[in-house]
1. If the elastic network links every pair of Cα atoms under 10 Å, which of GLY296, GLY144, GLY183 fluctuates the most in the Gaussian network model of the chain?
2. Connecting C-alpha atoms closer than 10 Å in a GNM of the chain, tell me which of ARG123, ARG248, ARG63 has the biggest fluctuation.
3. Please state the relative contact order of the chain as a whole percent: Cα pairs under 8 Å, 6+ residues apart?
4. Using the Kirkwood radius built from alpha carbon pairs, what does the Stokes-Einstein equation give as D for the range 46-90 at 20 °C and 1.002 mPa s, in µm² per second?
5. For the range 196-310, what does the relative contact order come out to in percent, with C-alpha contacts under 8 Å and a separation of six or more?
6. Any chance you could give the angle, 0 to 90 degrees and rounded to 10, that helix 87-96 forms with the longest Cα principal axis of the chain?
7. Can you tell me the mean projection area, over all orientations, of the convex hull of the range 110-224's alpha carbons? Units nm², please.
8. Rounded to the nearest 10 degrees, what's the angle between the helix 107-120 long axis and the longest principal axis of the chain, both from Cα atoms, 0 to 90?
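Read-outs throughout are calculated quantities, based only on the coordinates presented, and are distinct from any laboratory measurement. Just so you know, these numbers come straight off a predicted model, no measurement behind them. In this analysis, Cβ positions are derived from the backbone assuming ideal geometry, glycine residues included, and neighbour counts consider all displayed protein chains.
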Amino acid sequence: MTHRYTYRIGMTIMALWAFFPLESDGMMRRERAMDQAMNSGIAAMEDGLYEIAEGYFKTFIRRAASDIHEAEGTLWLIQSLYHQKRYEEVITLVEENTEVVLNTPMEGPFLFWKARAQFDDNRYEEAAGTLKSIDLERLEPGYGIPAYRLLAHTYMRSGETDEALRFFEEFDERYPESEEAAGNILDWAELLIEQGRESRAQDLLLLLTNRFPESGSAQDARLLMGYLFIDDGHFADAEKILDRLIGREETPSYRAAEAWFAMARIHEEKGELDEAIEAVLKGESANRRPGPLNQGRLLRARLLVRQGHD
């Protein structure tokens with residue numbers, strides 16, 4: 001999982017302050033100091049300066065006017081630690097504040113970050129247990145959507161594929177127009193491909209490209225569909241979809257390179273080795289990063305060996 005939820009979630013946390021007013025109007029100086037520390041911490045988070053943000057949130061916590069404000073600062077602190085990959089500290093902080101946030105609007109967010117830390121620390125069963133302790137139905141979308149996605153991935157990583165597939169399907173039913181809907185369908189289709197259920201996967205990939213045609217996930221779906229057509233020997237269908245991917249200006253260079261390499265495979269399967277080598281060279285030109293370049297060189301070397309023997 002990427003950081004794409006962090007700042008949207010952060011704004012949700014700020015909104016929760018309405019539930020916990022300051023105890024006294026005579027605390028204006030402390031309140032201003034708290035606001036300054038909090039705002040500086042959030043600004044540092046937005047710039048990816050997580051260690052600096054950590055310091056501001058610790059300052060906020062020291063100046064907190066109540067236990068619940070201290071917990072709010074801790075929730076931000078948890079995020080800054082998470083992005084520094086200090087997962088054990090995240091888990092410890094959540095557990096230390098369990099009683100403070102119990103039955104408050106922040107209980108779900110605290111547990112969510114604990115689960116993310118467990119997941120990224122490869123503790124998938126623990127992450128699933130933490131997520132299942134949250135009432136996902138009551139979480140607002142800023143947390144409910146990523147929590148559903150994370151739970152599906154914990155099942156997938158722990159080998160519980162039936163449960164993962166169930167959650168992918170449930171997510172699509174609950175959040176069909178969310179920002180994560182396209183990625184969810186792509187993950188769902190990829191898991192089906194791993195299980196050898198290509199026909200159902202193709203249906204989902206087609207659904208994805210029709211429902212979210214301009215999304216990055218749709219571009220990945222077209223690439224996957226191209227590979228599936230190649231595997232089935234439907235070269236004309238594969239070329240058509242790969243041509244569309246290559247011909248779009250908005251296609252990222254790494255996807256264009258992959259599409260050209262897939263084209264090379266089509267030509268190789270058809271015995272057109274010169275055309276296959278040309279396609280590989282175009283793939284290398286599309287993305288000059290070490291990964292695609294090395295992949296292209298290996299493909300060309302293999303094709304040249306074949307060409308010398310044919």
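1. GLY296
2. Highest fluctuation of the listed residues: ARG248.
3. Numbers: 348 pairs, mean separation 23.9, N = 310.
Computed over the chain, the figure is 8 percent.
4. Working: Rh = 10.5 Å.
In µm²/s, the coefficient rounds to 205.
5. With pairs under 8 Å counted, the relative contact order is 17 percent.
6. Here the helix axis deviates by roughly 30 degrees.
7. Working: hull surface 27.6 nm².
Its Cα hull, projected and averaged over all orientations, spans 6.9 nm².
8. 40 degrees
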